[in-house]
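See structure below.
The values are calculated or read from the model by the stated rules, or taken from the named source; none is laboratory data. Please read all numbers here as calculations on a predicted model, not as lab measurements. Note: ideal-geometry Cβ built from the backbone for every residue, glycine included; neighbour counts use all protein chains shown. For the accessible areas, the whole protein counts, side chains as well, though only heavy atoms, and no ligand, DNA or RNA atoms are used. Shrake-Rupley method; radii C 1.70, N 1.55, O 1.52, S 1.80 Å.
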Amino acid sequence: MTKIFDESALSVLPLPNGFIIAFCKSGDDESGKMVVAYNLVSFEKEDVSSVTRSVYQLAKFGQCYKLIVSQLPNTFYWNTAALPNDRILTYYPDGSAKIFDTEARVCWTGSITYNGKGPADIVCQGDIMWVSFPEGNCVARFNLRTMREELRIGGEASAFSSPEGLLLEGTRLYVCSSQNGKIFEINTENFAVSEHLKFDEPVHQYLRVNGFNTVRLDSGIYKI
């Protein structure tokens, strides 16, 4: 593995030919708030450069990012998932969720939870979405039309240990089982689960961008 970034990384946002890293810069500021900075890793230019929060928000929320972030408190902690018809699902760690249309209008507001706890990651597959729930040790499938849970894989006694990041490729769903350092593969057609990768530390995100495989571990971001 090749280390790309250190343990200060907070999240990785994939782009067509690279990704943006949000990281904690020099600890906390004098006000006690976390200082977050952003770096762009370009596979095409093979370099790392600093970018502004606006660039990060554009990549995260789309062309209407200014209108969307104006409607969300504590913007950094909201995650997003692309939906059909260019809609954007935004969701907060407590499970609060909103769907925005192409003009940044809210067309649905609700919650996405399991036993009262919110999701870590969401990916969409046609008219369904897959959701990871770390505190439930499970991954659940929701119907996008009804926003209701249809089935659940995992649970208290499952192989999953605090599942976080999700990666969907065709009918293969990859799940970062963060605490045991494993990435599992789920066949979304027959729901068979197999171990895909194993690390010696917690794994939080798994990305495949333009042929490059990348993971975010406790110790940093690596190309594998």
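Between N143 and D86, the distance separating the two model label sites (each 7 Å from Cα on the Cα→Cβ line) works out to 2.8 nm. Set against the 2.2 N^0.38 Å expectation for a compact globular protein, region 65-145 has a Cα radius of gyration ratio of 1.04. Three principal axis extents of region 130-214 based on alpha-carbon atoms, in descending order, are 37, 32, 20 Å. Excluding same-chain neighbours fewer than eight residues apart, the aspartates and glutamates reachable from K182 by a Cα-Cα span under 19 Å are E7, D121, E135, E156, E164, E169, E195, D200, E201, D218.
The magnitude of the dipole of the chain, with charges of +1 and -1 set on the Cβ of Lys/Arg and Asp/Glu and taken from the Cα centre, is near 460 debye.
Amide H to amide H distances under 5 Å link L10 with A22, F23, C24, where only residues 5 or more positions off or on other chains count and H is placed in the peptide plane. Across region 69-76, rounded Karplus estimates of 3J(HN,Hα) from the backbone phi angles (6.51 cos²θ - 1.76 cosθ + 1.60, θ = phi - 60°) give 5, 5, 9, 10, x, 6, 3, 4 Hz, Gly and Pro being marked x. Percent of C-alpha pairs per 5 Å bin in the chain, short distances first: 1, 7, 14, 18, 20, 19, 13, 7, 2, 0, 0.
Taking all protein chains together, I224, I4 sort by accessible area into I224, I4, largest first [probe 1.4 Å]. Look at the dipole of the chain built from charges on Cβ: of S158, A37, A82, the Cα furthest out on the positive end belongs to A82. Peptide packing for 181-191, 129-139 was compared via the average number of neighbouring C-beta atoms within 10 Å per residue; ordered from the highest value, the list is 129-139, 181-191. Listed peptides 15-23, 36-44, 170-178 appear in the order 170-178, 15-23, 36-44 once ranked by packing, highest mean of other Cβ atoms within 10 Å at the front.
Helix content alone sets the calculated 222 nm mean residue ellipticity of the chain: runs of n ≥ 4 DSSP H residues at -39500 (n - 2.57) each, divided across all residues, give -1500 deg cm²/dmol.
Average projection, convex hull of the Cα set of region 168-224: 3.8 square nanometres. Taking 23 Å as the straight-line reach from the Cα of K45, the lysines in range (excluding those fewer than 8 positions away in the same chain) are K3, K60, K223.
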